[in-house]
Amino acid sequence: MMLAETLRSVMRPVSRLAFRPEVHGAHHVPRTGPVILAANHLSFVDSFLIPLTAPRRVSFIAKQEYFEPGGAKQWLTRNFLTGIDAIPVARGDFRAAQESLEVALRHLKDGGAFGIHPEGSRSRDGRLYRGRTGVAWLAIASGAPVVPVALIGTERIQPVGARLPRPGKVIVHFGAPLRFTPPPDGKQGPARRRATDEIMAAIAALSGQEVAAEFNQLSAG
């Protein structure tokens with residue numbers, strides 16, 4: 001807890017200087033209780049900028065390998081991710097993906113805020129791809145509101161393939177919360193698809209991105 005607060009107190013002013021974030025709609029994020037922040041995904045830095053611009057602590061999933069013992073670089077990475085409340089989960093097959101959702105659900109049931117990129121991977125052409133239904137699974141299972149989030153300009157700060165971010169300006173839009181309930185007919189699959197499409201439409205309205213009809217190709221990392 002102390003490490004997280006110390007890192008946030010240092011990183012917030014540094015991020016303001018480096019990225020000059022322009023934040024809109026922060027009042028839409030509930031200050032307490034479970035909430036899901038569902039965001040577009042253009043750059044590696046997205047998962048770091050949301051916790052630094054949101055009005056409360058937000059956790060994202062991070063690869064388990066980043067938390068394992070190692071040299072100085074591994075120590076720095078592990079402590080940095082711990083400091084921004086990242087949740088370590090193994091990456092891999094469907095079982096690992098379901099485990100990620102279960103970990104996120106437990107975090108929400110404990111009253112936490114959880115960030116997720118429904119596209120599943122970074123967009124390489126700037127379009128907003130079709131959302132995967134894990135976000136709706138979480139929303140319906142937890143009862144937590146979903147706040148759509150649009151990041152604009154992060155692809156210029158750290159394009160796909162770039163090793164380090166560079167200074168620039170970003171805009172972060174937090175949208176009005178969306179709520180979803182279990183379907184009366186018990187048909188979970190169609191209900192999750194409809195909810196996910198509604199979430200992605202809200203993100204598109206905030207980001208202004210061209211919408212792709214297909215799913216984005218998942219990366220290995």
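The values are calculated or read from the model by the stated rules, or taken from the named source; none is laboratory data. Just so we're clear, the structure is a prediction, and the values are computed from it rather than from any experiment. When we count neighbours, we look across all protein chains shown, and the Cβ atoms used for this are built from the backbone with ideal geometry, even at glycine. Protein only, heavy atoms only, side chains kept; ligands, DNA and RNA dropped before computing areas. Shrake-Rupley method; radii C 1.70, N 1.55, O 1.52, S 1.80 Å.
If I go through region 195-218 residue by residue, how many of them are part of a helix (DSSP H, G or I) and not small (Gly, Ala, Ser)?
Result for region 195-218: 7.
Give just the number: which of (1) within 20 Å of PHE44 (Cβ to Cβ); (2) part of a helix (DSSP H, G or I); (3) of a type outside the set (Lys, Arg) does ILE140 not satisfy?
Status for ILE140: all satisfied but (1).
Out of (1) over 30 Å from ALA205 (Cβ atoms); (2) part of a helix (DSSP H, G or I), the odd one out for ARG163 is which?
ARG163 satisfies all of (1) over 30 Å from ALA205 (Cβ atoms); (2) part of a helix (DSSP H, G or I) except (2).
Which one of these is more than 19 Å from LEU49 (Cβ to Cβ), out of contact with any strand residue (DSSP E or B) (no Cβ under 8 Å at 6 or more places or on another chain), surrounded by fewer than 15 Cβ atoms within 10 Å (Cβ to Cβ) and not basic (Lys, Arg): GLY189, GLY161?
The match here is GLY189.
Quick check: anything in region 147-156 basic (Lys, Arg), out of contact with any strand residue (DSSP E or B) (no Cβ under 9 Å at 6 or more places or on another chain) and part of a loop (DSSP other than H, G, I, E, B)?
Our first condition is that a residue be basic (Lys, Arg); within region 147-156, this holds for 156.
Next cut, out of contact with any strand residue (DSSP E or B) (no Cβ under 9 Å at 6 or more places or on another chain) only: 156.
The next check asks that each one be part of a loop (DSSP other than H, G, I, E, B); those that pass are none.
Within region 147-156, none of the residues are basic (Lys, Arg), out of contact with any strand residue (DSSP E or B) (no Cβ under 9 Å at 6 or more places or on another chain) and part of a loop (DSSP other than H, G, I, E, B).
Output the qualifying pairs, or none if there are none: Cβ atoms under 6 angstrom, residues six or more apart or on different chains, first residue in region 105-116 and over 11 Å from VAL146 (Cβ atoms), second residue among the small types (Gly, Ala, Ser) and surrounded by fewer than 19 Cβ atoms within 10 Å (Cβ to Cβ).
Taking only residues 6 or more apart or on different chains, the pairs are LEU105/ALA141; GLY111/GLY33.
Test of understanding: among ARG56, ARG132, which residue is in contact (Cβ under 8 Å) with a residue 12 or more places away in the chain, assigned to a loop (DSSP other than H, G, I, E, B) and open to solvent by 60 Å² or more (accessible area, probe 1.4 Å)?
Details: ARG56 fails: open to solvent by 60 Å² or more (accessible area, probe 1.4 Å).
Going through ARG56, ARG132 in turn, the sole match is ARG132.
For region 184-206, state whether one or more residues are under 22 Å from GLY112 (Cα atoms), polar (S, T, N, Q), modelled with pLDDT of 95 or more and under 18 Å from the mean Cα position of the chain (by Cα).
Yes, some residue in region 184-206 is under 22 Å from GLY112 (Cα atoms), polar (S, T, N, Q), modelled with pLDDT of 95 or more and under 18 Å from the mean Cα position of the chain (by Cα).
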